[in-house]
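In what follows, a structure is listed as structure tokens, so that the remarks can point back to it.
The values are calculated or read from the model by the stated rules, or taken from the named source; none is laboratory data. Since the structure is predicted, the reported quantities are computational estimates derived from the model, not experimental observations. All Cβ positions, glycine included, derive from the backbone under ideal geometry; neighbour counts span all protein chains shown.
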């Protein structure tokens, strides 16, 4: 039996950072990871980093143009670059912990025996681990809907598999209209694929501000992406070297030929193999590990961090979950989910879409009297310099206080700009401060001068 002060299940952002912090404080740590391809977690290996590498390469390819064969060659090179990048980061993350004092990295799949003991299936057989503190950081897995033929088709991919595909598909069908779906639609459209995205709802990006979502849709369609709304995938069938995707509408059907079909229908907490009931760890109604505001589970010595805890599926949320746990174990316990502030996020389209805080509809529903600021991205000199005059910037303001309630930026470099807006929202800085601030020129941030000068009551 292996014994340690702490056992961490999963090599994700929260788990790996906690392992380093506990080890630095003199505690012994066993970090358990079932796949050598996942050292560092989802973000580094199969999500944020590889997809953003392809996003960057796709933009460069789109600017070059050329024949489909030329685009396909650049795509294959982009996959090679993605592999180099993820391999480098994976190795760096592994050695940062495996070579550290007080840390043991154990390759295997863990399951609870009770609240302090884990059975770990390893390539060599099995190990038993005992720890007084255990942390769950196992992430999430893709959800695959029960569509006839989906599991059997050789042309169907989840996002992880799509990132490994070396041949650029001429025709691509994406099942799902969420954030993963639209990112991949943008990437492959820029590489030169004919992309069709199928979503069952009528509203495009229904959780986002309606005005900004409409601009995102217009941008995708202008680049050749076909978005089928109010559509349901009935079946997938392999025929004559391609997949045929049968799509049903209210009063008609259509068959879509595809060289690749991406299933982008969301991700679910990865808990199936953990045997949580043996440790007294309960799940939420949505199948996530139930945690309180300090990431504590229903077992007093067990915590959960990241996607498995059912919150927003961002690597920086897993990192903040670590901060909350560290605050309890090594600090004053003041950090909780209740004081992390507004959470910004970006969807890496071309240009990227970024958001923090409330939409206009959410603010009105919450009872705020609102004022609205709007600015077309084409009015920003830097957007013209970058030859990316596409998009819309919108901010929602509390009419009574002047505080910014939400910001929705669909423009070049919005993924950087949104972090400034996050600070403004959390600090309750009046919009007039951003309106009258001095910014360098030419930059995208100076658009805040004009955006907040355009505040109206409607």
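Of the residues making up the range 273-297, those that are part of a loop (DSSP other than H, G, I, E, B) and in contact (Cβ under 8 Å) with a residue 60 or more places away in the chain number 6.
Would you be able to say whether some residue in the range 343-358 is surrounded by fewer than 18 Cβ atoms within 10 Å (Cβ to Cβ) and either under 22 Å from the mean Cα position of the chain (by Cα) or in a strand (DSSP E or B) (or both)? Walk me through it before giving the result.
Looking only at the range 343-358, we keep the residues that are surrounded by fewer than 18 Cβ atoms within 10 Å (Cβ to Cβ), and these are 343, 345.
Now drop any that are not either under 22 Å from the mean Cα position of the chain (by Cα) or in a strand (DSSP E or B) (or both), which leaves 343, 345.
Checked against the condition, which is being surrounded by fewer than 18 Cβ atoms within 10 Å (Cβ to Cβ) and either under 22 Å from the mean Cα position of the chain (by Cα) or in a strand (DSSP E or B) (or both), the range 343-358 yields at least one hit.
Selection of the range 421-449 for residues being surrounded by 13 or more Cβ atoms within 10 Å (Cβ to Cβ) and not in a helix (DSSP H, G or I) yields 429, 430, 437, 439, 442, 443, 444, 445, 446. Go through the range 42-81 and count every residue that is touching a residue at least 60 places away in the same chain (Cβ under 8 Å) and over 22 Å from the mean Cα position of the chain (by Cα). Counting residues in the range 42-81 that are touching a residue at least 60 places away in the same chain (Cβ under 8 Å) and over 22 Å from the mean Cα position of the chain (by Cα) gives 8. Checking the condition at pLDDT 95 or above, within 19 Å of the chain's Cα centre (by Cα) and closer than 24 Å to residue 223 by Cα, which residue from 409, 392, 386 passes? Among 409, 392, 386, only 409 is at pLDDT 95 or above, within 19 Å of the chain's Cα centre (by Cα) and closer than 24 Å to residue 223 by Cα. Cβ-Cβ contacts under 7 Å between residues 6 or more apart (or on different chains), taken from a first residue in the range 22-41 that is farther than 10 Å from residue 5 by Cα and not assigned by TED's automatic domain parsing to the domain that holds residue 124 to a second residue that is assigned to a strand (DSSP E or B) and at pLDDT 95 or above, are absent. The test for being assigned to a strand (DSSP E or B) and more than 19 Å from residue 181 (Cα to Cα) does not hold for residue 338. Of the residues making up the range 148-162, just one is in a loop (DSSP other than H, G, I, E, B) and under 13 Å from residue 181 (Cα atoms), namely 158.
Grab the strands (runs of 3 or more DSSP E) fully contained in the range 98-143, keeping just those with 2 or more residues being closer than 14 Å to residue 34 by Cβ and at pLDDT 95 or above. Let's see the steps before the verdict.
Details: elements: 103-107, 109-112, 117-122, 125-136, 140-142.
Hits in the range 98-143: 103-107, 109-112, 117-122, 125-136.
Considering every residue within the range 70-79, establish whether at least one is closer than 30 Å to residue 20 by Cα and surrounded by 12 or more Cβ atoms within 10 Å (Cβ to Cβ).
Keep residues of the range 70-79 that are closer than 30 Å to residue 20 by Cα, which gives none.
Among the residues of the range 70-79, not one is closer than 30 Å to residue 20 by Cα and surrounded by 12 or more Cβ atoms within 10 Å (Cβ to Cβ), which makes the answer no.
Select from the range 190-212 the residues that are part of a helix (DSSP H, G or I) and touching a strand residue (DSSP E or B) at 6+ places or on another chain (Cβ under 9 Å) and list them in ascending order. Once the filter is applied, which keeps residues that are part of a helix (DSSP H, G or I) and touching a strand residue (DSSP E or B) at 6+ places or on another chain (Cβ under 9 Å), the range 190-212 yields 211, 212. Once the range 301-325 is narrowed to residues that are in contact (Cβ under 8 Å) with a residue 40 or more places away in the chain and assigned to a loop (DSSP other than H, G, I, E, B), the residue that is farthest from residue 275 (Cα to Cα) is 313.
Say we look at the range 10-34 and pick out the residues that are part of a helix (DSSP H, G or I) and surrounded by 24 or more Cβ atoms within 10 Å (Cβ to Cβ); which of these is nearest to the chain's Cα centre (by Cα)? Give the steps one after another, and end with the answer.
Applying the first criterion (part of a helix (DSSP H, G or I)) to the range 10-34 yields 13-24.
Subsequent filtering for residues that are surrounded by 24 or more Cβ atoms within 10 Å (Cβ to Cβ) retains 13-16, 18-19, 22.
Working: 13: 13, 14: 15, 15: 17, 16: 18, 18: 21, 19: 23, 22: 27 Å.
It comes out as 13.
Residue-level check: of (1) assigned to a helix (DSSP H, G or I); (2) modelled with pLDDT under 95, residue 328 misses just (2).
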